[in-house]
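Data block below; observations after.
The values are calculated or read from the model by the stated rules, or taken from the named source; none is laboratory data. Quantities reported herein were computed from a predicted structural model and do not represent experimental measurements. Reconstructed Cβ throughout: ideal geometry from the backbone, glycine too, with neighbour counts over all protein chains shown. The area values use the complete protein model at the heavy-atom level, side chains included, leaving out ligands, DNA and RNA. Shrake-Rupley method; radii C 1.70, N 1.55, O 1.52, S 1.80 Å.
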Amino acid sequence: MLWVDKYRPKTLDQITVHQDVAQNLKKLVNEQDCPHLLFYGPSGSGKKTLVMALIRQMFGPSADKVKVENKTWKVDAGTRTIDIELTTLSSANHVELTPSDAGFQDRYIVQEIIKEMAKNRPIDSKGKRGHKVLVLNDVDKLSREAQHSLRRTMEKYSSYCRLILCCNSSSRVTEAIRSRCLNVRINGPTEEQIFKVLEYIGKKEGLQLPSGFASRIAEKSNRSLRRAILSFETCRVQQYPFVSNQAIPPMDWEEYITEIASEIMKEQSPKRLFQVRGKLYELLVNCIPPEIILKRLLYELLKKLDAELKHEVCHWAAYYEHRMRLGQKAIFHIEAFVAKFMSIYKTFLISTFG
Amino acid sequence: MTKKENNPGLLSSDEEYCGGRSSSSKRRYRKTKSQSPLPRKSTRQAKKARLLGSRSCLQKDSRNVDEFNSFCEDFDQVFSTFKVSAGSGSVCRNELWIDKYRPHSLEELAVQKKKVDEVKVWFEDRLRTPMDANGSNVILITGPAGVGKSATVHVIASHLGARLCEWDTPTPVIWREHLHNLTAGIQYTSKLDEFESFIGRMRKYGVIPSCFSIDSKQPVILLIDDLPLTNGKAALRRLQSCLHLYVQSTQVPTAIVITDCAKAETTDFTVQYLEEIQLCLENAGACKVAFNPITNNSIKKTISRICSCEQYDLAVEQIDAIAKSSGGDVRHAIMSLQLFCLKPSQICSSSSSAQESLKDEEMPHTLVDDRFSFQFGRDETLSLFHALGKFLHNKRHSVNELVLDSEFSVQESLLRRPLNMDPPEKVLCQAHGQARPIADFLHENVLDFMNEEAIDDAWVVASYLGDADTLLSSYDGMLARHNDAENILHLAAASVAVRGVLFGNSHPLSSRWHAIRRPKLWQIEGSSLSNKKMVKQRFVPYGGISLAHFSVVATEYVPALKWLGNSVSEDHEKLWALTEENTGFDMVISGDQESHTSEEEIEDW
């Protein structure tokens, strides 16, 4: 098992990073009925860990017994029936799924599953009808329609089930949903906190940590705890005992993007653009999400860029990121951004150096 | 040179016609018929026979083809005399030339010699050692319409002295007919069912020698001409499995003829079906021979042969034009020839009967203009590659032809010289270009056609292509497929993509040879999708208690596991296998680049 999973806190009490949030949630669950919840925060901040611990707090250890299902939902949409395939993870008391995987058919998923859950409610020990918990990931990636129908179902079935929504940014979740949920913001852990977690893991694993090594990992992790633990484990595999100036292996795709960026800086021509396209294709084949590619590419380009161009380049990156969301084929838009950058940069070079 | 043996059908309809008109002709006709030893059955009869199970299929004695033809001519004479006596025959004309001049010998075939030999050798092999276990007994012949696929099989069969049994695709039952049948108590069977049971019988019992066969020792060739059209995946699978079984177990040498359409131009589902079936047949072990469109020269040869037989004198350039307009389709060329010859026939035909019948025809009067007009050619279509070439090469008039519009002035930098082609939308229309593939092709290839220095142009083009993509996706899946709004959207997107490329590429390279590649994007999308599936299956439930975000898995878990791979714990083993596949895939991709470039060479127009 990876360390990320091995040292994931199982209960609300074990949680160290967001201790205050965890304690509040515990009180909430113990004292009264839990409202709908919306967790939001950057990736690697511990949203999922909190949610899992919360569910465990609600239902006890039975929540750990989960099964993964690849289920096909038959949805009757007016004139025709649609088959939607989706992976769900469920225990007796909760169901977790990522509705945005269903693409533009996500709205059916939300309705259908909630209806189904409402049909078979679990009965608790006192013979009282309990409620199920539905965990929805990536709510911010849901379409407008889906969010709208989610709102309706939330109202209609609120006595049957509780929703726990997870997303990175609450700004893409409609007001209507936000106001119906208790919003919980989960900040990215500070470097200090990451450092502590790494030290804790090191102690448990019986490792010698040279001074400054853990803080370097924490620094490089970009405030993502998952990232930090993963790279910590990789370092352990690469070289042990640790040396204080040991290189922390970067993610291969990030290195690849760095390479692309330096190629873009070196030459600006249609031919080079074509080569860049080939490399972008390779990233896409390996399932790196295009938004992340664009973001990272911008980050790498900005590092080497003259200050006066930064504003313009950022503007165009934002522009093409938007177009990419509107469009269908990401490569068209990433490439347009690269071409625009090349064009700007070349003009700049000519005007400065003649 | 026709695809099917049309004579029986033609004659039988004539028979009905004549029967209705005059009893004298009927009598005469009957007489001829009774003299002929030829077994003739209409397809309909054959179908009934099949249903009853008494006879396996329509049978024709290939050796008798010549006799048959002479009989036809015989009949024609009789018939035309009848027409003269009746005085008003405007519908019944001489036989169609495509039937009259169907090839009877290998020499007359316009098909490429090599292909014919290939098929011939194959049949010879099978007929010599019919019980041979090596390889299957099925040959698959594909090619565009009218290149003589069926004719080749017919001619070879008669050349080898084999009896040809034929499955023709049955005509669909129309609704009224079905209702009529219902009252008459005839059960409806689907065409696929009919075909399946036919194939099943052929597989089990082979060809049952029927009463018509003169010599039961004579070898038999089965010709399956056009498979039944399937609708839906389930039907397709049924057809595939039935064919697969047949290919593997049949004892009768069989030719399956499939007419294929151009792949790149249509995204029709039927095309995909046909391709799948072809693939399935090949997998089952069928030998495949693909016929190409017939070259202009052999079409010209065929036309001149017919001209000399009919004693028409056509100019070389007229023959040339007919051959060119046919697009490699001999049947079409001969039909155009016959139509074209209607006009000269007024002058040079000597037969009085022909003249008389022509008087009543209205067709020639519409062809009065002296100029060699071309109303009968196949619709001029451009291939997708031709159209793409036009757009990518971006040919424009030279500067001095530029007409400056004074009242509508544009900035210098936005000025472009006029296009040296039809309006792009028209070209698109001719090429039947669909917006999505057009945009993908342009995106893949446009950078090759740009000046080394012109990165600004590259940006403009990329930006327009992005616009086209946005247009294409805006209502994707929300509207019904054939919605007008979506159609317009697609047209607009195609127009934006094409015009964007034409406008943006303001410094095109001087024309030279270029390869047009198939969009690599399609391949990328396919493999990224399958990778995604794989990653999802193996990773997402990973950790056991929670679904991980997919992007997180792809960007963090996978790379980390690549590093961790060296210390494979049993738990990671499968994950490592996956990452290995991934890296292997990278190499495959980069290796593929070279092989794809030479796929389609196009000339500079």
_Past 20 Å, Cα to Cα: identify those pairs from B:536/B:562; A:119/B:536; A:119/B:533, in the order given._
A:119/B:536; A:119/B:533
*State the antiparallel share, in %, of DSSP beta bridges confined to chain A, rounding to the nearest 5.*
45 percent
*asked:* Rounded to the nearest 5, what % of DSSP beta bridges with both residues in region A:3-185 are antiparallel?
replied: 45 percent
*For residue B:123, what accessible area in Å² do you get when you roll a 1.4 Å probe over the heavy atoms of the protein chains, rounding to the nearest 10?*
0 Å²
*asked:* Tell me whether region A:252-353 comes out rounded, prolate or oblate; compute the Cα gyration tensor, take square roots of the eigenvalues as a ≥ b ≥ c, and use a/c under 1.5 as the rounded threshold.
replied: prolate
*Considering only protein heavy atoms, with the full assembly of protein chains and a 1.4 angstrom probe, order A:173, B:496 by accessible area, largest first.*
B:496, A:173
*What relative contact order, as a whole-number percentage, does region A:252-353 give when Cα pairs under 8 Å and 6 or more residues apart are counted?*
34 percent
*Packing-based order for A:188-201, B:319-332, using average beta carbon neighbours within 10 Å, highest first*: B:319-332, A:188-201
*Under the definition of partner shielding as Cβ atoms of other protein chains within 10 Å of a residue Cβ, what is the mean value for peptide A:1-8?*
4
*Fluctuation leader among A:290, A:99, A:210 - chain A, Gaussian network, Cα springs under 10 angstrom*: A:290
*Report relative contact order for region A:191-238 in percent, whole number only (criteria: Cα-Cα under 8 Å, sequence separation at least 6).*
42 percent
_7 Å from Cα along Cα→Cβ at both residue B:313 and residue B:197: what's the point-to-point distance in nm?_
6.0 nm
*According to the Cα gyration tensor, what semi-axes, each the square root of 5 times an eigenvalue, does the equivalent ellipsoid of region A:3-185 have, listed from largest to smallest in whole Å?*
26, 19, 16
_Shape of chain A, Cα gyration tensor, a/c cut at 1.5_ = oblate
*Global geometry of region A:259-314, whether rounded, prolate or oblate, following the gyration tensor of its Cα atoms and the 1.5 cut on a/c*: oblate
*Which of these, A:38, A:12, A:283, has the largest mean-square fluctuation under a Gaussian network model of chain A (Cα springs below 10 Å)?*
A:283
*State which entries of A:47/A:203; A:340/B:390; A:10/A:115; A:303/A:346 exceed 19 angstrom in Cα-Cα distance in the structure shown.*
A:47/A:203; A:340/B:390; A:10/A:115
*Percent relative contact order of region A:138-211, based on C-alpha pairs within less than 8 angstrom and at least six residues apart?*
33 percent
*With the dipole of chain A worked out from charges on the C-beta (+1 for Lys and Arg, -1 for Asp and Glu) around the Cα centre, which of A:176, A:166, A:301 lies farthest toward the positive end?*
A:176
_Probe radius 1.4 Å, ligands and nucleic acids left out: which of A:33, B:117, A:106 has the largest accessible area, and how do the rest follow?_
A:33, B:117, A:106
*asked:* Could you identify which residue out of A:223, A:162, A:272 has the top mean-square fluctuation in a GNM of chain A using Cα springs shorter than 10 Å?
replied: A:272
*Among the listed pairs B:288/B:532; A:141/A:310; B:115/B:301, give every one whose C-alpha distance is greater than 26 Å.*
B:288/B:532; A:141/A:310
